[in-house]
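What follows is calculated from the coordinates using simple rules that are stated; it is not laboratory data. All values reported here derive from a predicted model rather than from experimental measurement. Positions of Cβ are backbone-derived with ideal geometry, glycine not excepted, and every protein chain shown enters the neighbour counts.
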Amino acid sequence: MIRHRLALIAGVTSALAVVPAAASAAAVHGSYTTIDVPGAAATFAGTVNDLGVVVGSYSDRGGSDHGFIDRHGAFTKVNVPHATGTNVNGINDPGVEVGSYTDSRGVNHGFIDRHGKFTTINDPHAGTAPGQGPFPVGTFPAGINVFGVIVGGYFDAHGVRHGFIYRHGKFTTIDHPHAGTAPGQGTSLGFINDLGQVIGNYRDSHGHRISFAGRPGHFITVNDPAAPAFSTFVGGINDSELIIGAYADAHGMLHGFIDRHGKFTTIDDPAGAQGTAPEGLSNAGIIAGFYTDASGNNHGFTFTPAC
């Protein structure tokens, strides 16, 4: 999920015109902490639970992907057995993680990790054959709430994205009503809070990428007013209905934001010379994400707002 964010941004920013935009409210002040998995070439923090446990993914020096758990500075590496790559995307307060892994054929599968016991989950409508066009193949869980409800997305056999909610062993497809139905278009969900509210994005029939939040059937559009059109990327929503994410400015640089019921404030890691991307938000107000430094290297971070 995190890795796909970088590819999505590249596609969006290449189409942006350099246009003036309204300014966000004053930046939020708080405390940033950098997260680097020991020995990693790049670290991407994905989300943080209410106990302050951070999960995410990292790339090793050979270019392989692995998941990690950061328990207040103590790292545990997460690798699904026999997978060629593992990405951890979500964790709830009981410590159950979700993510995706890639098999030897290049097909992606979802997984649930219950304290080291892995269970594979695959949406029955997901494509299963490698090489189905330029799009990822398989199932991509992205978030899990305290009740064990999982959200994410999948690409079908035609390369169309669909969101899903996985509850009690059953998948329910969630498609935004304005999402396009051509290859590369469609819907994906990225996070779910304990109230059942989700965030996600969709591509419409014109190829525009639009972010949204709310309960299925009652979605609202999320767009930072400082952002050029179609360049807002939602990351998480907590039980107070605070929304975090990032937007790409007219020059392609990422800036983080907090959306407090329609009031947007900017959060940029001071070390993020080439961009900041918040990805997850706890009910305690802690934000997790990643930034890109002046040399182009990616690091995870947590941010604790002052208010």
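Annotations for the structure displayed:
- For the pair ALA157 and ASN79, a Förster radius of 30 Å applied to the C-beta separation gives a FRET efficiency near 0.60, rounded to the nearest 0.05.
- From helices alone, the chain scores -1000 deg cm²/dmol at 222 nm; the rule is -39500 (n - 2.57) for each run of n ≥ 4 DSSP H residues, then divide by the residue total.
- Region 54-68 and region 225-281: distance between their alpha carbon centers, rounded to Å: 23 Å
- Measuring r between the beta carbons of HIS251 and HIS178 and using R0 = 30 Å, the FRET efficiency lands at 0.60.
- Principal axis analysis of the Cα atoms in region 214-307 yields extents of 43, 31, 21 Å, listed in decreasing size.
- Computed label-point distance, nm, for sites HIS206 and GLN274 using a 7 Å Cα→Cβ extension: 3.2 nm
- Pairwise centroid distance, computed over Cα atoms, of region 80-113 with region 283-307, Å: 22 Å
- As a proxy for reagent exposure, ranking THR119, THR102 by other Cβ atoms within 10 Å from fewest up yields THR119, THR102.
- Extent of the chain along its three principal axes (Cα atoms, max minus min coordinate, largest first): 46, 45, 38 Å.
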